[in-house]
Amino acid sequence: FDQLVAPILLYGSEIWGHESCDILESFHMKFCKNIMRVNKNTPNCMVLGELGRFKIRKYIDNRMMNFWLRLKYGKSSKLSCTMYRLLEKMSDSNHYISPWILKIKNILDSMGMSDLWSMESLNRSWFKQAVNLRTSDISKQNWCAEVNESGSCVNYKIFKEELMFENYLINLDVGERMALTKFRCANNRLPITTGRYTNIPRYQRYCNICNLQKIGDEFHYLFECTAFIDERKRYIKNYYRNRPNTMKMNELFNTNDRKVLVNLARFCRLILNKF
């Protein structure tokens, strides 16, 4: 996607990047959900989080800023540089507010680099690295905000702490990987998920296969539900089963032990098959 598709999607984005890129974002998300084999209702922040990918907007902003640098400090004999300086003067005098220039200023403001707009010279190498770092940090912060604000991510944020690629996607067999992905990304029919579609309040989405009267979420089925006592002993180590809590859940999902991860995926598949 990055080598063959993205260059086509972003062709000329240095110029039209000030416009809405919702169609491109939608196309990107459709591709990501397709390779992860999750349904279209899966929250976008979960999909991006599992794959460790940024939104398309981040790359467009990078291209625009690098193009702006070339225009601002390029040779005056170049037509593009001359046109830019003309637009800049018209914008400064309020004769014409260029949407492109306005977008450049907004990007600089969002990165906390507003002072660069009026600087007479810039180190190009430093500028490119700084812009890439700032846009990456902003994208990560926005992703964290989406996860924290989403009602679908209450359990997801227990074990997903940062925007990064999850190695289980390439270390597990296809069947195990799909089961773990669906379990992690609320792409299942557990009561906590189906209750969302039928407008049942979260605190009333009880487990319907045991008598504990607890919410039927991922934590419950992994560590508490009495319907899976024997399977839990078979697939989950005693350390995680003994006095389970969110910290242990975090450790379990982020383990580097492939055997533990495989057993977790198999247990998740068994739970999902029940529903």
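The one condition from (1) of a type outside the set (Phe, Trp, Tyr); (2) farther than 21 Å from Gln141 by Cβ; (3) open to solvent by less than 90 Å² (accessible area, probe 1.4 Å); (4) part of a loop (DSSP other than H, G, I, E, B) that Gly112 does not meet is (2). Within the range 107-118, residues that are within 16 Å of Arg63 (Cα to Cα) reach partners that are among the aromatic types (Phe, Trp, Tyr) with beta carbons closer than 6 Å, at six or more positions or on different chains, in the pairs Leu108/Trp117.
Filtering Leu79, Leu102, Leu133, Leu71 for residues that are open to solvent by less than 60 Å² (accessible area, probe 1.4 Å) and either hydrophobic (A, V, I, L, M, F, W, C) or farther than 20 Å from Glu19 by Cβ (or both) leaves a single hit, Leu71. Take the conditions open to solvent by less than 80 Å² (accessible area, probe 1.4 Å), among the hydrophobic types (A, V, I, L, M, F, W, C) and either part of a loop (DSSP other than H, G, I, E, B) or free of Cβ contacts under 8 Å to residues at least 60 places away in the same chain (or both) and apply them to Leu86. Does it pass? Taking the combined requirement at face value, the residue does not satisfy it. A search for C-beta distances below 9 Å between a residue of the range 1-18 that is closer than 13 Å to Asp61 by Cα and β-branched (Val, Ile, Thr) and any residue that is assigned to a helix (DSSP H, G or I) and open to solvent by less than 60 Å² (accessible area, probe 1.4 Å), counting only pairs 6+ apart in sequence or on different chains, returns Ile15/Met64; Ile15/Phe67; Ile15/Trp100. Looking across the range 32-51, just one residue is under 16 Å from Asp2 (Cβ atoms), open to solvent by 20 Å² or more (accessible area, probe 1.4 Å) and under 8 Å from the mean Cα position of the chain (by Cα), and that is Leu51.
Screening the candidates Cys185, Cys207, Cys153 for the property of being buried (at least 17 other Cβ atoms within 10 Å of the Cβ) and in contact with a strand residue (DSSP E or B) (Cβ under 9 Å, 6 or more places away or on another chain) yields one hit, Cys207.
The criterion of at least 3 residues that are on the phi < 0 side of the Ramachandran plot, without any contact (Cβ under 8 Å) to a residue 24 or more places away in the chain and over 24 Å from the mean Cα position of the chain (by Cα) is met by the following helices (runs of 4 or more DSSP H) wholly inside the range 168-275: 229-235, 238-241, 258-273.
With respect to the conditions (1) modelled with pLDDT of 90 or more; (2) outside any helix (DSSP H, G or I), Glu120 falls short on a single one, namely (1).
The values are calculated or read from the model by the stated rules, or taken from the named source; none is laboratory data. Only a predicted model underlies this, so the values are computations on that prediction, with no experimental measurement involved. Cβ: placed from backbone, ideal geometry, glycine included. Neighbour counts: every protein chain shown. Side chains are part of the model used for accessible areas, which takes the heavy atoms of the whole protein and leaves out ligands, DNA and RNA. Shrake-Rupley method; radii C 1.70, N 1.55, O 1.52, S 1.80 Å.
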